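The next block holds one structure in the form of structure tokens; read it before the comments.
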Amino acid sequence: MIAGGVSLVLVWFGLGLLAAVAWYSVRSRLRASMRSQTVEVDDEAIAQILEEGVLATDEDDPLDLEHIRQEEENFWKKTWDEAEEL
């Protein structure tokens, strides 16, 4: 009976350890991705904003506003099933 209790404690300890490692891994990846997306605005960038009205960045894929508009229209055109009454 004691051996069963010890093994149960070890299982819960292992699950807790696994959850902690997973949390730390996700947190590290999220922090690294946030760091790479940060755009620093210095005096040169402010001067560009004042002159041109925009700040150009080195984004790989700019937003396709027409595609976004079309997808939004398609979303709102869908018919939704009525909710079932309980």
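The values are calculated or read from the model by the stated rules, or taken from the named source; none is laboratory data. On a predicted model such as this, the values are computed, not experimentally measured, just so you know. No Cβ is skipped: glycine too gets one built from the backbone with ideal geometry, and neighbour counts run over all protein chains shown.
Numbers for the structure displayed
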quantity	calculated
Pairs where the first residue, in the range 46-61, is surrounded by 10 or more Cβ atoms within 10 Å (Cβ to Cβ) and modelled with pLDDT of 85 or more and the second is assigned to a loop (DSSP other than H, G, I, E, B) and among the hydrophobic types (A, V, I, L, M, F, W, C), C-beta under 9 Å, 6+ apart	ILE46/LEU55; GLN48/VAL54; GLN48/LEU55; GLN48/ALA56; ILE49/VAL41; ILE49/LEU55
Odd one out for ALA22, checked against (1) modelled with pLDDT under 90; (2) part of a helix (DSSP H, G or I)	(1)
